[in-house]
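Novice: Below is the structure I would like to discuss, written out as structure tokens.
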Amino acid sequence: MKTKVITIISIICSLSLSAVAVAQDDALLERGTYLMEGILACENCHTPKDPETHAEIRSMAFAGANVLSDEAHTPYAPNITMDVETGIGSWTDEEIITAMRDGLRPDGTIIGPPMPSPGFYATMSDNDVRAVVAYLRTVEPVNNVVPKSTYNFPLPPNYGPKVESVAEPDRSDPIAYGKYVTESLGHCGACHTPLGEGGLDFSRHNAGGQVFANLFGFNMTAVSLNITPHPTAGIGEWTDEEIKRAITKGISRDGRELAKVMAFSYYDKINDEDLDAMVAYLRALPPIQ
Ligand code: HEC
Ligand code: HEC
């Protein structure tokens, strides 16, 4: 009798524990979906685009693509679908997280630019990198071999000490949270900061001027613009709505349609809390002429 009661209690306990685990997995995938179909926009680089419409080819989601091509480099974003042969299907969760944050593959080789690991994804929280992995595990495997990137400059052996653990951002401080959304997730500065000697020139953080040649395998060239709050050179005089419209709809203050370099169709899914925080952070940046 006694053992029966204990067995029943332990069954109830383990059932409710697994219900908690399932609820946690659901929450992680929900967060991963929000990030991956929105602000992270990995697909802007990792999914090939239709030459006519410039929209991502859905049947090739995450299957790898040419990002751009100039004298310095021709980077290809690899296949990151769950295909075991040509993608990252055999990588462990930890290996995927190390690739994102530290820019290192399981064999220890370095992942080159413009994969935005150093300074950007390196500071993604533990929960958010796990959410990304949860989403990637649901991506259809696509068998697709992508050419190797070429770099006409030396890559460093690594981007610094291994990232061990990153706490959740403090959502009660709009500027600190905005920094997390803008830098760690949105990696806006990876495009909006000009190149200097040996990488991004952070003394002109977000001041624009980076040139992108032959983007996405098309004959399309674009230059990033100044998104610091400088009154004339930047977005200092723009209203919040104008800034948000540029980010999510690709329309500049004067109504001009922006070149499809930024991932507007993904940024369009950023929620109001995150957009507000992003605007608060951009307004707090030092204005740069
Ligand atoms: C701005 C373009 C860009 C964005 C955005 C981007 N990546 Fe990458 N990624 C690259 C490039 C380019 C490489 C390969 C660089 C090289 O060849 O050394 C790469 C490499 C990788 C690799 C290593 C794969 C391998 O087989 O070597 C992984 C994993 C990866 N990216 C995951 C992601 C995830 C997840 C996201 C979104 C959170 C993302 N990337 C966003 C450009 C990008
Ligand atoms: C893949 C590179 C890339 C990323 C990432 C990126 N941008 Fe841009 N952005 C550009 C380029 C290039 C332009 C200019 C396009 C043009 O002039 O047609 C631009 C234009 C803009 C503009 C309009 C400026 C103006 O004067 O019209 C704003 C605002 C902006 N970006 C904000 C952001 C924010 C905020 C983020 C991060 C969430 C971001 N961008 C991420 C490349 C990028």
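The values are calculated or read from the model by the stated rules, or taken from the named source; none is laboratory data. The shown structure was predicted, so the numbers you read here are calculated from the model rather than taken from an experiment. Note: ideal-geometry Cβ built from the backbone for every residue, glycine included; neighbour counts use all protein chains shown. Ligands, DNA and RNA are stripped out before the accessible areas are found, and what is left, the full protein with its side chains, is counted by its heavy atoms. Shrake-Rupley method; radii C 1.70, N 1.55, O 1.52, S 1.80 Å.
Novice: Can you run down the residue pairs with Cβ atoms below 7 Å, 6 or more apart or on separate chains, where the first is in segment 247-261 and charged (D, E, K, R) and the partner is within 16 Å of ligand 1 (Cβ to nearest atom) and assigned to a loop (DSSP other than H, G, I, E, B)?
Specialist: K260/H54
Yes or no, residue by residue, for (1) open to solvent by 40 Å² or more (accessible area, probe 1.4 Å); (2) in contact with a helix residue (DSSP H, G or I) (Cβ under 6 Å, 6 or more places away or on another chain):
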position	(1), (2)
L29	yes, yes
A41	no, yes
H46	no, no
R58	yes, no
L68	no, yes
I80	no, yes
V84	yes, no
G87	no, no
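Novice: Okay, next question. From the list I227, I270, which residue is at pLDDT 95 or above, under 22 Å from M36 (Cβ atoms) and of a type in the set (A, V, I, L, M, F, W, C)? Give the steps one after another, and end with the answer.
Specialist: Details: I227 fails: under 22 Å from M36 (Cβ atoms).
Selected residue: I270, the only one of I227, I270 that is at pLDDT 95 or above, under 22 Å from M36 (Cβ atoms) and of a type in the set (A, V, I, L, M, F, W, C).
Novice: Looking at E43, E37, E52 in this structure, which one is among the charged types (D, E, K, R) and more than 19 Å from Y121 (Cα to Cα)? Quick ask: steps written out before the conclusion?
Specialist: On the way: E43 fails: more than 19 Å from Y121 (Cα to Cα); E37 fails: more than 19 Å from Y121 (Cα to Cα).
So the residue among E43, E37, E52 that is among the charged types (D, E, K, R) and more than 19 Å from Y121 (Cα to Cα) is E52.
Novice: Quick one: which helices (runs of 4 or more DSSP H) sit completely within segment 113-196 and have at least 2 residues that are open to solvent by 50 Å² or more (accessible area, probe 1.4 Å) and in contact (Cβ under 8 Å) with a residue 40 or more places away in the chain? Break it down into steps so the answer makes sense when it comes.
Specialist: Details: elements: 126-136, 174-179, 188-192.
Once the helices (runs of 4 or more DSSP H) in segment 113-196 are filtered for at least 2 residues that are open to solvent by 50 Å² or more (accessible area, probe 1.4 Å) and in contact (Cβ under 8 Å) with a residue 40 or more places away in the chain, what remains is 126-136, 174-179.
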